[in-house]
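> To start, I am sharing the structure in question, which I have written as structure tokens.
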């Protein structure tokens, strides 16, 4: 069976809500629903990576593969101002001797936990 080249293709660089950059290529005939499904897969992969301690590259908090611990596994930096859920820097707050970090996530506040 012969494989024919698509008459049209377009590649888009998209950045998800966690700061991860994705290149998605769409060929002629792709429907909007198929494009939405591709984007949903990409954002699901990002969420899974972050859930397992892998931060996006280039955000100042990314993991390093060669971390010198000898096991080849990356480690997440222990930065109290970094939100591992949303991959953003949180603001520092102090009141009555207590200190915490938080950021606005939609209509709610997130403390990175």
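> State whether one or more residues within segment 74-84 are assigned to a strand (DSSP E or B) and either at pLDDT below 80 or touching a strand residue (DSSP E or B) at 6+ places or on another chain (Cβ under 9 Å) (or both).
yes
> Within segment 92-106, how many residues turn out to be at pLDDT below 90 and either outside any strand (DSSP E or B) or exposed (fewer than 11 other Cβ atoms within 10 Å of the Cβ) (or both)?
Final tally of qualifying residues: 1.
Results for (1) in contact with a helix residue (DSSP H, G or I) (Cβ under 8 Å, 6 or more places away or on another chain); (2) surrounded by fewer than 12 Cβ atoms within 10 Å (Cβ to Cβ), shown as yes or no for each residue.
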| site | (1), (2) |
| --- | --- |
| 13 | no, yes |
| 20 | yes, no |
| 23 | no, yes |
| 36 | no, yes |
| 40 | no, yes |
| 43 | no, no |
| 47 | no, no |
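> While we're on this one: Which is modelled with pLDDT of 85 or more and either part of a loop (DSSP other than H, G, I, E, B) or under 30 Å from residue 113 (Cβ atoms) (or both), of 44, 11, 25?
Details: 11 fails: either part of a loop (DSSP other than H, G, I, E, B) or under 30 Å from residue 113 (Cβ atoms) (or both); 25 fails: either part of a loop (DSSP other than H, G, I, E, B) or under 30 Å from residue 113 (Cβ atoms) (or both).
Selected residue: 44, the only one of 44, 11, 25 that is modelled with pLDDT of 85 or more and either part of a loop (DSSP other than H, G, I, E, B) or under 30 Å from residue 113 (Cβ atoms) (or both).
> Same structure again: Checking residue 71 against (1) more than 21 Å from residue 113 (Cβ to Cβ); (2) at pLDDT 50 or above: exactly one of these is not met. Which one?
Of the numbered conditions (1) more than 21 Å from residue 113 (Cβ to Cβ); (2) at pLDDT 50 or above, the odd one out for residue 71 is (2).
The values are calculated or read from the model by the stated rules, or taken from the named source; none is laboratory data. Not measured: the values here are computed from a predicted model. Note that we place each Cβ from the backbone using ideal geometry, even for glycine, and neighbour counts take in every protein chain shown.
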